[in-house]
Amino acid sequence: MLQQTQVATVLPYFQRFIERYPDVHSLALAPIEDVMVLWAGLGYYARAHNLHACARAIVERHGGRFPRTCEALASLPGIGRSTAGAIAAFCCGERAAILDGNVKRVLARHWAIEGDPASSGVAGMLWERAQCELPSAQRMAAYTQAIMDLGATVCTRARPACGHCPVNASCQARRTGRTGELPTPRARRERPVRSAHVLIALAGQAVLLQQREAKGIWAGLLCLPEFASRAALQRRARSLGATGQSLLSLPPRRHALTHLMLAIEPYVALTEAAPPAAESGAARWVALGTIDHAPLPAPHRALLLELRKTIAAAAVGA
Ligand code: SF4
């Protein structure tokens, strides 16, 4: 949960999650839809899928016990080399290196390693250095915690507190006055923009939602139906019984994802007075009153909450 997300944001989600799934067995047995409900709003949904798949793999392949080596841990879904190293170091005292963002910064500065740390060549040098620095197995847990904390609290991105740093005597970046230049900043790349024509089909107090496939953006979440063009959206709205006049466009908005920018163009379509009992495939009608707890991605939830507020205000005014 803490990957890319701040502690304060994670806390309530973590609390609810751990109460519902207190151990690896309960999580492995849970349907993915239930897991997604608890994750809804936290973003980066691949983490929830990976966590669930990981729990299942631990139960199915390891009899419900976590593997004890870095190599075996790294073969589980969602656990990369650095996370596997951290678990192995903390829980088993294995001499396994970690290389999260904070540790990369400490090593790049201390050893004056230049170049984009995300590039494979530089990452290779950093891994090599991280491995060389490891202490004995008895000191692995303390060392791993210390280097993580050093990066998080002393060797910070902006204005590192070099005067208080326990390794300042041997730090090459400090000695050469290059703490501001290292690690080498990543070249900025503009995110590509993708248009998303989003249909808010209303039938009375229900809205049509569609469960996304298990892969891709917002995998497994309930979403408003999305179309590549306005014409395709209109065709779908007509198939639901909406007339041309009942299609209303809302102000466009943008939503940034890790790798692209979504340019969302929302349209409201008023369809039948009562929702059809069932829709095809992954589509389903959901009461507007229950969307607070539905596993929706943040921009779709925001659209529906705004709409619900507008409908409620109009009802009061009528
Ligand atoms: S001396 Fe400064 S730049 Fe070097 S590791 Fe310590 S805090 Fe980071």
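In the stretch 159-198, the qualifying residues are those that are open to solvent by 40 Å² or more (accessible area, probe 1.4 Å) and of a type in the set (A, V, I, L, M), and the one that is nearest to the ligand (Cβ to nearest atom) is Val167.
Every residue in the stretch 212-258 that is assigned to a loop (DSSP other than H, G, I, E, B), open to solvent by 50 Å² or more (accessible area, probe 1.4 Å) and either more than 21 Å from Leu288 (Cα to Cα) or in contact with a strand residue (DSSP E or B) (Cβ under 7 Å, 6 or more places away or on another chain) (or both), please. Give the derivation first.
Of all residues in the stretch 212-258, those assigned to a loop (DSSP other than H, G, I, E, B) come to 212-221, 224-225, 228-229, 240-243, 250-252, 257-258.
Subsequent filtering for residues that are open to solvent by 50 Å² or more (accessible area, probe 1.4 Å) retains 212-216, 228, 243, 251-252, 258.
Scanning the stretch 212-258 gives Arg212, Glu213, Ala214, Lys215, Gly216, Ala228, Thr243, Pro252, Thr258.
Somewhere in the stretch 85-97, is a residue buried (at least 17 other Cβ atoms within 10 Å of the Cβ), within 16 Å of the ligand (Cβ to nearest atom) and modelled with pLDDT of 95 or more? So far as the stretch 85-97 goes, no, none of its residues is buried (at least 17 other Cβ atoms within 10 Å of the Cβ), within 16 Å of the ligand (Cβ to nearest atom) and modelled with pLDDT of 95 or more.
Checked against (1) part of a loop (DSSP other than H, G, I, E, B); (2) modelled with pLDDT of 95 or more, Arg129 passes all but condition (1).
For the stretch 110-138, filtered to residues that are within 16 Å of the ligand (Cβ to nearest atom) and farther than 30 Å from Arg68 by Cα, the residue that is most open to solvent (accessible area, probe 1.4 Å) is Glu114.
Looking at Ser170, Ser136, which is the one that is touching a residue at least 60 places away in the same chain (Cβ under 8 Å) and under 30 Å from Cys92 (Cβ atoms)?
Values: Ser136 fails: touching a residue at least 60 places away in the same chain (Cβ under 8 Å).
Matching residue, one of Ser170, Ser136: Ser170.
Taken together, Ala86, Ala112, Ala141, Ala108 contain a single residue that is in contact (Cβ under 8 Å) with a residue 24 or more places away in the chain, over 29 Å from Asp23 (Cα atoms) and not in a loop (DSSP other than H, G, I, E, B), which is Ala108. The set of residues from the stretch 1-28 being touching a residue at least 12 places away in the same chain (Cβ under 8 Å) and either assigned by TED's automatic domain parsing to the domain that holds Ile291 or open to solvent by 60 Å² or more (accessible area, probe 1.4 Å) (or both) comprises Gln3, Gln4, Thr9, Phe14, Arg16, Arg20, His25. What pairs can you find where one residue is in the stretch 175-200 and without any contact (Cβ under 8 Å) to a residue 24 or more places away in the chain, the other is within 16 Å of the ligand (Cβ to nearest atom) and not in a loop (DSSP other than H, G, I, E, B), and their Cβ atoms are less than 8 Å apart, with a gap of 6+ or different chains? Going by the 8 Å Cβ cut-off, the qualifying pairs are Glu181/Ala173. In this entry, Ala201 passes the filter for residues that are closer than 30 Å to His255 by Cα and in the same structural domain as Ala256 (by TED's automatic domain parsing).
How many residues are away from the ligand (no atom under 11 Å from the Cβ) and of a type in the set (Lys, Arg) when one looks only at the stretch 142-158?
First, pick out the residues of the stretch 142-158 that are away from the ligand (no atom under 11 Å from the Cβ): 142-146, 148-149, 152, 158.
Filter once more, so that each one left must be of a type in the set (Lys, Arg): none.
Final tally of qualifying residues: 0.
The values are calculated or read from the model by the stated rules, or taken from the named source; none is laboratory data. Bear in mind the structure is a predicted one, so any value in this text is a computation, not a measurement. Cβ: placed from backbone, ideal geometry, glycine included. Neighbour counts: every protein chain shown. Protein only, heavy atoms only, side chains kept; ligands, DNA and RNA dropped before computing areas. Shrake-Rupley method; radii C 1.70, N 1.55, O 1.52, S 1.80 Å.
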